[in-house]
Amino acid sequence: MLKHRGFPGRLTGTDFQFTIRRAVNRKGVTKIIRRERFKDRAAMDRRADEAFMAALWNHFGEEPFERGNLDAGRLSWLFGREVVAAEDPFDPQSYEAMLKIDLKRAQASFPAVFAEEQDDWGFDDDEDGDWEDED
């Protein structure tokens, strides 16, 4: 599993996780699905989506990227809209799956992410920095 070094681990002051520490081997890889975002979602949930998109944009831009250690649950809130498959066929249960940002949809959904003066998203970097490949 590719570890995206420098990618924020979570949203500061919350339990909203952006990355995972190690690959899941026992039950299989968590599948990326399209989750519906309803209008009555909590403000912090919407903030986490926006911050995650900001992290994706700042880290990858318009280039395709490997899923790697990005959290499947967090990706699922954006998948099929702002984040789309970058390969065909796409395996939603693979750490090697390639994704990309659908720039037009992302700009429409999260205009603050692409504004000239960006917000301070409050990212927590991984403080321990002891990522080890377990392969």
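The values are calculated or read from the model by the stated rules, or taken from the named source; none is laboratory data. The shown structure was predicted, so the numbers you read here are calculated from the model rather than taken from an experiment. Note that we place each Cβ from the backbone using ideal geometry, even for glycine, and neighbour counts take in every protein chain shown. Heavy atoms of the whole protein, side chains included, go into the accessibility calculation; ligands, DNA and RNA do not. Shrake-Rupley method; radii C 1.70, N 1.55, O 1.52, S 1.80 Å.
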In deg cm²/dmol, rounded to 500, what helix-only [θ] at 222 nm does the chain give when every DSSP H run of at least 4 residues adds -39500 (n - 2.57) and the total is split over its residues?
-> -6500 deg cm²/dmol
Summing +1 per Lys or Arg and -1 per Asp or Glu among the other residues with Cβ less than 14 Å from Ser94's Cβ gives -3
Long-range tail of P(r) for the chain (Cα pairs > 18 Å, %) = 54 percent
Relative counts (whole %) of C-alpha pair distances in region 10-56, using bins that are 5 Å wide = 5, 16, 22, 24, 19, 11, 4, 0
Residues of region 3-25 with amide N under 15 Å of the 7 Å Cα→Cβ point at Ala43 = none
Lysines with Cα under 30 Å of Lys3, excluding same-chain neighbours fewer than 8 positions away | Lys27, Lys31, Lys100, Lys104
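Once a ≥ b ≥ c are taken as the square roots of the eigenvalues of the Cα gyration tensor of region 57-105, is the result rounded (a/c under 1.5), prolate (a/b larger than b/c) or oblate (a/b not larger than b/c)?
On the way: a/c = 1.33, a/b = 1.28, b/c = 1.04.
Here region 57-105 falls in the rounded category.
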Could you check how much of the accessible area of the chain is carbon and sulfur, as a whole percent, using a 1.4 Å probe?
-> 44 percent
